[in-house]
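J.: Take a look at this one; I'll ask things after.
The values are calculated or read from the model by the stated rules, or taken from the named source; none is laboratory data. This structure is a prediction, so every number in the text was calculated from the model and none was measured. Methodologically, a virtual Cβ is constructed for each residue, glycine included, from the backbone with ideal geometry; neighbour enumeration extends over all protein chains shown. Heavy atoms of the whole protein, side chains included, go into the accessibility calculation; ligands, DNA and RNA do not. Shrake-Rupley method; radii C 1.70, N 1.55, O 1.52, S 1.80 Å.
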Amino acid sequence: MKSRILYVEDEIKTALSVKQGLEENGFDVHLAGDGALGLKLIESQKFDLYILDYILPGEENGLNLCKAIRSQGILAPVLFLTALDSTQDKVTVLDAGADDYLVKPFEFKELLARIKSLLRRSSNDWNISNILSYADLELNMNTRQALRQGKQIELTAREFKLLEWMMKNKERVISKTEIEKNVWNIFHDTSSNVVEVYINFLRKKIDKGFDPKLIHTLIGQGYILKSSE
């Protein structure tokens with residue numbers, strides 16, 4: 001069965017070109033030229049993956065659509081296409097629940113690779129255990145809740161995903177490049193400090209006020225989740 005993709009894009013030439021390319025690669029692509037139509041399709045139909053432009057005409061932009069998708073409990077991957085490439089812009093879309101972003105202009109073959117990777121990961125998510133635990137930290141994969149010493153910790157979607165990866169690789173040094181590839185689905189980007197930003201976010205929530213500290217930085221190597229220095 002073909003994977004169904006909703007692509008919300010107001011640049012008609014880009015939309016039609018991407019749609020044609022994806023259909024030639026075996027995908028069933030549905031287009032929406034603005035946020036209002038995109039929202040209607042989100043609320044009325046089921047898709048395997050969502051591709052959203054950040055800036056859209058009308059009141060509903062890509063960020064609002066992403067939040068609408070997650071508020072309905074939809075776990076399908078969301079990929080942002082955006083001309084905005086600052087660290088804060090990336091943090092904003094990832095915090096809204098996006099799984100990945102691709103900065104315009106982009107090569108179609110990179111878009112195709114990102115889509116295939118996101119769909120593979122989404123399929124594999126059905127095989128993960130319901131509870132991940134390490135030391136006094138616990139992640140519930142069904143409810144998307146984090147607990148430390150029995151206290152609930154509020155995490156954004158991206159923080160949760162980063163912590164999930166670290167817990168799956170506990171007591172092992174994880175490089176920035178590996179995190180970019182497996183959590184953000186991007187190749188190494190020396191100009192971006194998104195990983196560092198999110199590690200700091202996570203450390204403040206997971207370690208501040210708790211002992212022992214679990215998230216450690218190894219200068220020049222990466223990061224590790226372990227219960228001792």
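J.: Restricting attention to segment 10-27, and to residues there that are among the acidic types (Asp, Glu) and modelled with pLDDT under 95, which single residue is surrounded by the fewest Cβ atoms within 10 Å (Cβ to Cβ)? Steps first, please.
T.: Going residue by residue through segment 10-27, those that are among the acidic types (Asp, Glu) are 10-11, 23-24.
Next, from what is left, pick out any that are modelled with pLDDT under 95: 10-11.
On the way: 10: 16, 11: 14.
Top of the filtered list is 11.
J.: Return the residue satisfying two criteria in turn: it lies in segment 6-29 and is outside any strand (DSSP E or B) and of a type in the set (A, V, I, L, M, F, W, C), and of such residues it is farthest from residue 53 (Cα to Cα). Write out each step before concluding.
T.: Within segment 6-29, the subset outside any strand (DSSP E or B) is 9-27.
Then keep just the ones that are of a type in the set (A, V, I, L, M, F, W, C); that gives 12, 15-16, 18, 22, 27.
Working: 12: 12, 15: 10, 16: 14, 18: 12, 22: 16, 27: 19 Å.
Selected residue: 27.
J.: Here's something else I'd like to know. So which pairs qualify, if the first residue must be in segment 17-31 and within 20 Å of residue 42 (Cα to Cα) and free of Cβ contacts under 8 Å to residues at least 24 places away in the same chain, the second must be buried (at least 18 other Cβ atoms within 10 Å of the Cβ) and of a type in the set (Ser, Thr, Tyr), the Cβ gap must be under 8 Å, and the two must be at least 6 apart or on different chains?
T.: 19/7
J.: Here's another thing I want to ask about it. Quick check on segment 140-180: of everything there that is closer than 23 Å to residue 89 by Cα and of a type in the set (Lys, Arg), which residue is surrounded by the most Cβ atoms within 10 Å (Cβ to Cβ)?
T.: This residue is 158.
J.: Would you say residue 214 is closer than 14 Å to residue 137 by Cα and touching a Ser or Thr at 6+ places or on another chain (Cβ under 7 Å)?
T.: Details: closer than 14 Å to residue 137 by Cα: yes; touching a Ser or Thr at 6+ places or on another chain (Cβ under 7 Å): yes.
Yes.
J.: Identify all residues within segment 63-86 that are open to solvent by 40 Å² or more (accessible area, probe 1.4 Å) and out of contact with any strand residue (DSSP E or B) (no Cβ under 6 Å at 6 or more places or on another chain); write none if there are none. Even if it seems obvious, please write down each step before you answer.
T.: Of the residues in segment 63-86, the ones open to solvent by 40 Å² or more (accessible area, probe 1.4 Å) are 64, 67, 70-73, 75, 83-86.
64, 67, 70, 71, 72, 73, 75, 83, 84, 86, listed by residue number.
J.: So is residue 51 within 19 Å of residue 185 (Cα to Cα), open to solvent by less than 30 Å² (accessible area, probe 1.4 Å) and not hydroxyl-bearing (Ser, Thr, Tyr) or not?
T.: Numbers: within 19 Å of residue 185 (Cα to Cα): yes; open to solvent by less than 30 Å² (accessible area, probe 1.4 Å): yes; not hydroxyl-bearing (Ser, Thr, Tyr): yes.
So residue 51 passes the test.
J.: Further question on the same structure: Taking only pairs six or more apart or across chains, which ones have beta-carbon atoms under 7 Å, a first residue in segment 100-118 that is of a type in the set (D, E, K, R), and a second residue that is outside any strand (DSSP E or B) and exposed (fewer than 13 other Cβ atoms within 10 Å of the Cβ)?
T.: 104/83
J.: Please indicate, with yes or no, whether at least one residue in segment 167-178 is outside any loop (DSSP other than H, G, I, E, B), within 23 Å of residue 101 (Cβ to Cβ) and polar (S, T, N, Q). Spell out how you get there, then give the answer.
T.: Filtering segment 167-178 down to residues outside any loop (DSSP other than H, G, I, E, B) leaves 167-168, 174, 176-178.
With within 23 Å of residue 101 (Cβ to Cβ) added as a condition, the list becomes 168, 174, 176-178.
Imposing the further condition that a residue be polar (S, T, N, Q) reduces the set to 177.
Yes, segment 167-178 has at least one match.
J.: Which one of 83, 96 is at pLDDT below 90 and more than 15 Å from the chain's Cα centre (by Cα)? Before you say what the answer is, go through the steps one by one.
T.: Details: 96 fails: more than 15 Å from the chain's Cα centre (by Cα).
Being at pLDDT below 90 and more than 15 Å from the chain's Cα centre (by Cα) holds for just one of 83, 96, which is 83.
J.: Then there is this: Are any residues in segment 18-41 among the small types (Gly, Ala, Ser), closer than 17 Å to residue 115 by Cα and in contact with a helix residue (DSSP H, G or I) (Cβ under 8 Å, 6 or more places away or on another chain), and if so, which ones?
T.: Our first condition is that a residue be among the small types (Gly, Ala, Ser); within segment 18-41, this holds for 21, 26, 32-33, 35-36, 38.
Then drop every residue that is not closer than 17 Å to residue 115 by Cα, which leaves 21, 26.
Result: 21, single match.
J.: Regarding segment 120-142, can at least one residue be identified that is at pLDDT below 90, in a helix (DSSP H, G or I) and touching a Leu at 6+ places or on another chain (Cβ under 9 Å)?
T.: Checking segment 120-142: at least one residue is at pLDDT below 90, in a helix (DSSP H, G or I) and touching a Leu at 6+ places or on another chain (Cβ under 9 Å).
J.: Going by what's in this entry, would residue 147 be described as outside any helix (DSSP H, G or I), modelled with pLDDT under 90, in contact with a strand residue (DSSP E or B) (Cβ under 8 Å, 6 or more places away or on another chain) and not hydroxyl-bearing (Ser, Thr, Tyr)? Walk me through it before giving the result.
T.: Details: outside any helix (DSSP H, G or I): yes; modelled with pLDDT under 90: no; in contact with a strand residue (DSSP E or B) (Cβ under 8 Å, 6 or more places away or on another chain): yes; not hydroxyl-bearing (Ser, Thr, Tyr): yes.
Here the answer is no, as residue 147 does not meet what is asked.
J.: If you don't mind, another one. Take residue 53 and decide whether it is at pLDDT 85 or above and under 12 Å from the mean Cα position of the chain (by Cα). Quick ask: steps written out before the conclusion?
T.: Details: at pLDDT 85 or above: yes; under 12 Å from the mean Cα position of the chain (by Cα): no.
Judged against the criteria, residue 53 is not a match.
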